[in-house]
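Visitor: The structure follows.
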Amino acid sequence: MSTAENNTQIINPEMADVPLHEPSEINSKINLKDYKKPSFDVETVDLDIKLFAGYALVDSKLVMQRQAAGDLVLNGEDVELMAITLDGETLATERYKQADGKLIISDAPDTLTLELQVRIHPQTNTALEGLYMAGSGSDTMFVTQCEPEGFRKITFYPDRPDVLAIFTTRLEADKRYPTLLSNGNLVEEGDVTDAPDRHYAIWHDPTNKPSYLFACVAADLDVLTDYHTTSEGREVTLEVFAKSTDIDKCHVGMQALKDSMVWDEVNYGRAYDLDRYMIVAVSQFNMGAMENKGLNIFNTACVLSSPETTTDARSFNVKAVIAHEYFHNWTGNRITCRDWFQLCLKEGLTVFRDQSFSADQQSSAVQRIDDVATLRAHQFAEDAGPLAHPVRPESFVEINNFYTTTIYEKGAEIVRMLANTLGPDNFRRGTDEYFRRYDGQAVTVEDFLSALSITDSKIEEFIAWYRQPGTPILSGHQHYDSATQTLTITLSQQTRHVAGFDAPIPLPIPVATALFDKATGTIIAERMLMLDQAQQTFSFDNVSSEPVVSLLRDFSAPVQLNYDYQDEDLAFLLTHETNGFNRWQVTQMLVNRILLQSNDSKVYLQALAKTLPTLAVTDPMLAARLLDIPSAQELASAIHQNYDPVLIKQQRDRLYSQVAESLKDQWTILYNQLPLEVYSDSPEALGKRALRNVVLDMALTAGISEAGKWAQQQYDNASCMTERFGALKAMVNYQVTGSDDYLADFYQRFQDDELVIDLWFSVQASAEHVTTDDIQTLLERDDFDWNTPNRIRSVISAFTAQPTVLWTPEGLDIYTSVIKKMDEANPVLASRLLQVLARWYTLVEPRRHMAQDHLNALQQQVSSKHVLESLASVLGAMGE
């Protein structure tokens, strides 16, 4: 599942009387150490789902086999039991009980057939989990989201990932929904005999799968069809379903799917296994996408793309998410998780695979920059605050709260360390062994490491990375002995002790290292250093003069680097590094020293002036990234106490202005070197567009008189959304004359495209000059849809880009009121929004006390276990 977003709904009105920090739900933890295999396995499932105007009837037939002692336990939430039979006989009420979301049969035979009928109400399911209705009026559809525990909202079932079964699904609906889809292959379809206005379709999935991979859709959709012949000679039908007005925006996604299938065959030897692969675009969807076997459900933002309506960044994200969900077919579906504590197993491995795919589609250096920037901005902040948790958690109350950057992005970094430590050939041997051993099974992280260890037993030591929270700090210094021509590098590691976990131990940290000759700027030695103790010293012999050391090349481990560099060393590396990512990394180190340690900016500005002109010609995408300055949120994550949003914004704005002023003579030259061209999707064209938008912003910052006109002309003559939206954003941020007229024009042009209007909302909500009145006005608009997560995030998440406004009484009033509203309707979204406030305790007074008051008040006003669990962790920061 793509972690772009999520969902669920549990209401407990009694929570209002619970004391602070002691919500009763939070005590109901599920622990990894308590895992027991289920008493019964399910061999086959026959589902019959009948959709009606105000409800749905779900009949299920489960053929089950005992595999351990214990009661037969099925999960069920918000489902009304209508009938139950065991081996063909109606089950007497005294033979079963319903309690705490479970249906329990104590005297079940070892082999049985259980048949159930339940009634559910998809039309009122605002949590967007289980089976729900999306859309409104005549433009509605029925769709499912079952990961992690949504299937229990469809029918009673042992809803856990280690119960794998063969599913056959009959879906029946009114003919106003001509598209009826489910997992697997289409077996039969036709009209309902005694109801001529209704029809049905029967789907059979021959693959054993857990219930979280179940999916069905009833809708009125068009389809884009293509084909792929696998490396095994199987012809697969590829289908992307969307509204008729969106079907022309599905071609990018379709090509990405075909590219992904070929890439997985070449790089992992994995071919697709069914006759059909389907993707459905849904506007009201909490996540980015979901990898249901053979029938992926996608947020429209992650599948629809066209040059006119989609920025380059989002279009590339479409390709990455398509790849991610396809790669799950093997790393997640064919081999799944034994339990939800192993979530990182499928997600970390699959994120690593989609990042590797993406690196092959564009500049590998820029892809690595994007991956690490995301990790540092979000996961490092998570590790540094009260929401820190291991990549494999030890316990949870609500598993939806653990779809985090730690699980996904840090999980991927661990897999990357494993791959780099083993080398390409041995990593491929290890993954082949993983597929050979565990195809069709539900497994653990230990199983994965065991398979990889066939060529190197020390690989299993990386299990410590999965168990220990926190980001290690890698410190070091060097000593050069000219007499012996020996360089020694001393490295040490330290990880903060996170409350509630064991004291941290040294981890195996691969440190990619290169030595650069100061005179020639060339590499004289390269080595992967393995730091697996608290402190170690590494020696390099036959080094004729003291070099400049480049550490953590290509970000070889997810750690913070604190090496004894002089600013001049970093500037040298910015100029001479052969790896594009490393040039960006040392630039970021210089910038952070200026912003967080008050270093002088002279060396940084001189290095930029020396590097940028040539790089703008040879690699414009990398040139654009070298001008990155960390966001206010990322800078805040590095401050552990007395964080002052106003001061940080002032310091960041000052440095940004210094860059703009120091290179003022370059902006006109560079902008003229980057004229608008006919649209192309090539890496070079993407780079030019990215750099043009950065240069435009810098020129406006520097006060270049013509820059406002450049923005207007770029908007008027744009060949694609990247150019048009880049110009609009610049005009709005700098309040260029006529910017309101351009905002109105943008809305008028794209008012029928929900995703583009999301951009219209976000550009205002994230504007440099935004006020809380502006945010409230956006939330009160008629076209602000509280039922669509994308629209909510377009305002409320964009709003957090301005901490000086968020961390005020008025800002927190708005933000927490949205969380409260979503707690009642969509608790998973509410919990995700809440987590943005996790580092409130680092604020300078009186903001800290003000934020604490808002969070304490919110705790008395919410009821879902999703939000209560997050609040308990967030407020627990007071005790750290």
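Visitor: Any residue that is closer than 27 Å to Ala281 by Cα and surrounded by fewer than 20 Cβ atoms within 10 Å (Cβ to Cβ) - is there at least one of those in region 725-745?
Guide: no
Visitor: Would you point out which residue out of Tyr200, Tyr212 is among the aromatic types (Phe, Trp, Tyr) and in contact (Cβ under 8 Å) with a residue 40 or more places away in the chain?
Guide: From the options Tyr200, Tyr212, the qualifying one is Tyr212.
Visitor: Can you find a residue in region 253-264 that is more than 30 Å from Tyr679 (Cα to Cα), in contact (Cβ under 8 Å) with a residue 12 or more places away in the chain, in the same structural domain as Ala127 (by TED's automatic domain parsing) and among the basic types (Lys, Arg)?
Guide: There is no residue in region 253-264 that is more than 30 Å from Tyr679 (Cα to Cα), in contact (Cβ under 8 Å) with a residue 12 or more places away in the chain, in the same structural domain as Ala127 (by TED's automatic domain parsing) and among the basic types (Lys, Arg).
Visitor: Any idea which residue in region 136-152 is surrounded by the most Cβ atoms within 10 Å (Cβ to Cβ), counting only those that are over 24 Å from the mean Cα position of the chain (by Cα) and in a strand (DSSP E or B)? Write out each step before concluding.
Guide: Of region 136-152, the ones over 24 Å from the mean Cα position of the chain (by Cα) are 136-142, 152.
When the remaining residues are screened for being in a strand (DSSP E or B), the result is 136, 139-142.
Details: Ser136: 11, Asp139: 11, Thr140: 18, Met141: 21, Phe142: 23.
Of everything passing the filter in region 136-152, Phe142 is surrounded by the most Cβ atoms within 10 Å (Cβ to Cβ).
Visitor: Do we have Tyr272 as in the same structural domain as Thr179 (by TED's automatic domain parsing), in a strand (DSSP E or B), farther than 30 Å from Ala825 by Cβ and at pLDDT 95 or above here?
Guide: Numbers: in the same structural domain as Thr179 (by TED's automatic domain parsing): yes; in a strand (DSSP E or B): no; farther than 30 Å from Ala825 by Cβ: yes; at pLDDT 95 or above: yes.
Judged against the criteria, Tyr272 is not a match.
Rundown of residues vs (1) within 27 Å of Glu706 (Cα to Cα); (2) touching a helix residue (DSSP H, G or I) at 6+ places or on another chain (Cβ under 9 Å), yes/no style:
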{"residue": "Asp567", "(1), (2)": "no, yes"}
{"residue": "Ala571", "(1), (2)": "no, yes"}
{"residue": "Glu577", "(1), (2)": "no, yes"}
{"residue": "Thr587", "(1), (2)": "no, yes"}
{"residue": "Thr611", "(1), (2)": "yes, yes"}
{"residue": "Thr618", "(1), (2)": "yes, no"}
{"residue": "Leu655", "(1), (2)": "yes, yes"}
{"residue": "Gln658", "(1), (2)": "yes, yes"}
{"residue": "Tyr679", "(1), (2)": "yes, yes"}
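Visitor: Something else about it: Among the residues of region 323-355 satisfying the criterion of being of a type in the set (D, E, K, R) and either part of a strand (DSSP E or B) or within 18 Å of Met261 (Cβ to Cβ) (or both), which is farthest from the chain's Cα centre (by Cα)?
Guide: It comes out as Arg334.
Visitor: Please go through region 275-304 and give me each residue that is assigned to a helix (DSSP H, G or I) and among the hydrophobic types (A, V, I, L, M, F, W, C), ordered by number.
Guide: Ala301, Cys302
Visitor: Continuing with the same structure: Go through region 817-839 residue by residue and tally those that are within 23 Å of the chain's Cα centre (by Cα) and in a helix (DSSP H, G or I). Spell out how you get there, then give the answer.
Guide: Looking only at region 817-839, we keep the residues that are within 23 Å of the chain's Cα centre (by Cα), and these are 818-819, 822-823, 825-839.
From the residues that got through so far, the ones that are in a helix (DSSP H, G or I) too are 818-819, 822-823, 825, 827-837.
Residues meeting the conditions: 16.
Visitor: Next up: Test each condition in (1) within 24 Å of Asp174 (Cα to Cα); (2) in contact (Cβ under 8 Å) with a residue 40 or more places away in the chain for Met82 and report the one that comes out false.
Guide: Here Met82 meets the rest and fails (2).
Visitor: Let me ask something else. Condition check: buried (at least 19 other Cβ atoms within 10 Å of the Cβ), modelled with pLDDT of 95 or more, at negative phi and assigned to a helix (DSSP H, G or I). Does Thr471 satisfy that? Before the answer, list the steps.
Guide: Details: buried (at least 19 other Cβ atoms within 10 Å of the Cβ): yes; modelled with pLDDT of 95 or more: yes; at negative phi: yes; assigned to a helix (DSSP H, G or I): no.
So Thr471 fails the test.
Visitor: Within region 164-173, identify whether any single residue is over 23 Å from Ile84 (Cβ atoms) and touching a Leu at 6+ places or on another chain (Cβ under 8 Å), and answer yes or no.
Guide: Yes: one or more hits.
Visitor: Output the residue which, of all residues in region 587-626 that are charged (D, E, K, R) and in a loop (DSSP other than H, G, I, E, B), is nearest to Gln560 (Cα to Cα). Before the answer, list the steps.
Guide: Pass one, region 587-626, residues charged (D, E, K, R): 593, 600, 602, 610, 619, 625.
After this cut, where a residue has to be in a loop (DSSP other than H, G, I, E, B) as well, the list is 600, 619.
Details: Asp600: 22, Asp619: 27 Å.
Only one residue tops the list, namely Asp600.
Visitor: Can you confirm whether region 855-867 contains a residue that is part of a helix (DSSP H, G or I), free of Cβ contacts under 8 Å to residues at least 40 places away in the same chain and closer than 25 Å to Ile399 by Cα?
Guide: Yes, region 855-867 has at least one match.
The values are calculated or read from the model by the stated rules, or taken from the named source; none is laboratory data. Being a predicted model, the structure only gives us computed values, none of them experimental. Using ideal geometry, Cβ is built from the backbone for each residue, glycine included, and neighbour counts are taken over all protein chains shown.
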